[in-house]
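**Student:** Starting off with a structure, shown below.
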Amino acid sequence: MGLSFDTISGSGPNGAIIHYKPDPETCAVVKRDQMYLCDSGGQYRDGTTDVTRTFHFGTPTDYEKRCFTRVLQGHIAIDRAVFPATTTDATLPPGFSLDILARAPLWRDGLDYRHGTGHGVGSFLNVHEGPQGIGYRPYCHEVPLMEGMTITNEPGYYEDGQFGIRIENVLLVHKVKTPQQFANVDYLGFENVTMVPIHKKLIDVDLLSPEERQWVDEHHRQCFERVSPLLAKDGPAYAWLERETSPL
């Protein structure tokens, strides 16, 4: 039906501006030797999307790959999180408690980012739809994450004047089975609903644990399985998807 927000398209230094908007004085040509960040979304009759990916069309530096991989590790940690559901005495750790999972890999390198880790997404409504969130802002302290909510997972890193990195998927909060059920409390986790590959050229595979490598390969397997039937096998989009979703 249309865009869910104005696309954020930032190359090189412009990517370091979290909500960059082009103008004649600052807009830039996408270059092969720079990072490129694209945050986009659409409004559909059955839902709203919000996805960010970061690319490099040339040869990234070791430092750029390390920064990207730290962001990816935080993204994976949120995606794999399991946490207690709401109880009668309101002991649920809300979104601010999960925020550290996304930042910890960056903190180990002395890095961080100046925005929340996740926001609610409406269904054919606002792309930033409260009250739920993952982050340090006050509303993230007040509202628990509940089954059926949608929320983004979008850690990042921004090197002022150089480049920006963000990896964003939309997640659905759902119940998960755990070996035990302390105090008869249900536990929740996330289901990723964003089927877009993660740019493998920017991943420093040596920094990933075996579990993190498995997560990347499984994400890409699902992307190919769900998206490829919608594409013409002899077209460039199919070839791109097949290449980008091959195992690490």
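**Student:** Would region 17-130 count as rounded, prolate or oblate if I go by the C-alpha gyration tensor, calling it rounded below 1.5 in a/c and otherwise prolate when a/b exceeds b/c, oblate otherwise? Don't skip to the end; give the middle numbers.
**Tutor:** Working: a/c = 2.48, a/b = 1.35, b/c = 1.83.
Since a/c reaches 1.5 but b/c is at least a/b, the shape of region 17-130 is classed as oblate.
**Student:** To make sure I understand, if each residue's beta carbon is the centre and we count other beta carbons within 10 Å, what order do His220, His119, His128 fall in, fewest to most? Spell out each step's value before the answer.
**Tutor:** On the way: His220 20, His119 25, His128 15.
Fewest-to-most ranking of His220, His119, His128: His128, His220, His119.
**Student:** How high is the relative contact order of region 209-248, in percent, counting Cα pairs under 8 Å that sit 6 or more residues apart? Provide the component values of the computation, followed by the final result.
**Tutor:** Working: 22 pairs, mean separation 21.0, N = 40.
In percent, rounded to a whole number, it is 52.
**Student:** Filter Lys31/Lys65; Lys31/Lys200; Lys175/Lys200; Lys65/Lys201 down to the pairs with a C-alpha to C-alpha distance above 20 Å, please. Mind showing how you got there, number by number?
**Tutor:** Details: Lys31/Lys65 17 Å; Lys31/Lys200 18 Å; Lys175/Lys200 30 Å; Lys65/Lys201 8 Å.
From the list (Lys31/Lys65; Lys31/Lys200; Lys175/Lys200; Lys65/Lys201), the Cα-Cα distance tops 20 Å for Lys175/Lys200.
**Student:** Rounded, prolate or oblate: which fits region 77-181, taking a ≥ b ≥ c as square roots of the Cα gyration tensor eigenvalues, rounded meaning a/c under 1.5, else prolate when a/b beats b/c?
**Tutor:** Values: a/c = 1.95, a/b = 1.48, b/c = 1.32.
Note, shape of region 77-181 comes out prolate.
**Student:** So I have [x] 32, 26, 14; [y] 37, 18, 15; [z] 29, 21, 20, and one of them is semi-axes √(5λ) of the Cα gyration tensor in Å calculated from this model. Which one is it?
**Tutor:** [z]
**Student:** Let me ask something else about it. For region 20-29, in order, what is each residue's ³J(HN,Hα) by Karplus, 6.51 cos²θ - 1.76 cosθ + 1.60 with θ = phi - 60°, in whole Hz (x at glycine and Pro)?
**Tutor:** So the Karplus estimates, Gly and Pro as x, are 4, 10, x, 8, x, 8, 10, 5, 9, 7 Hz.
**Student:** Okay, moving on. Is the shape of region 183-248 best called rounded, prolate or oblate, per the rule: a/c under 1.5 gives rounded, else a/b larger than b/c gives prolate, else oblate, with a ≥ b ≥ c the square roots of the Cα gyration tensor eigenvalues? Let's see the in-between values first.
**Tutor:** Values: a/c = 3.61, a/b = 1.50, b/c = 2.41.
It is oblate, given that a/c is not under 1.5 and a/b is not larger than b/c.
**Student:** So, one more: Which longest run of the chain has no exposed loop site in it, a site being GluC sites (Glu not before Pro) in a DSSP loop with at most 13 other beta carbons within 10 Å, and the site itself not part of the run?
**Tutor:** 26-146
**Student:** Any idea how far apart His174 and Arg137 come out in nm if each label point goes 7 Å out from Cα toward Cβ?
**Tutor:** 2.8
**Student:** Report the residues of region 37-64 in range of a label on Leu248: point 7 Å along Cα→C-beta, backbone N strictly under 19 Å from it.
**Tutor:** Only 53-56, 60-64 pass the distance filter.
**Student:** Take the alpha carbon atoms of region 109-155, find their radius of gyration, then divide it by 2.2 N^0.38 Å using N residues; give the quotient.
**Tutor:** Region 109-155 yields a ratio of 1.21.
Readers should treat all values here as calculations from the given coordinates under stated rules, not as data from a laboratory. Treat the numbers as computed from the prediction; the structure is a model and nothing was measured. So basically every Cβ, Gly included, is an ideal-geometry build from the backbone, and we count neighbours across all protein chains shown.
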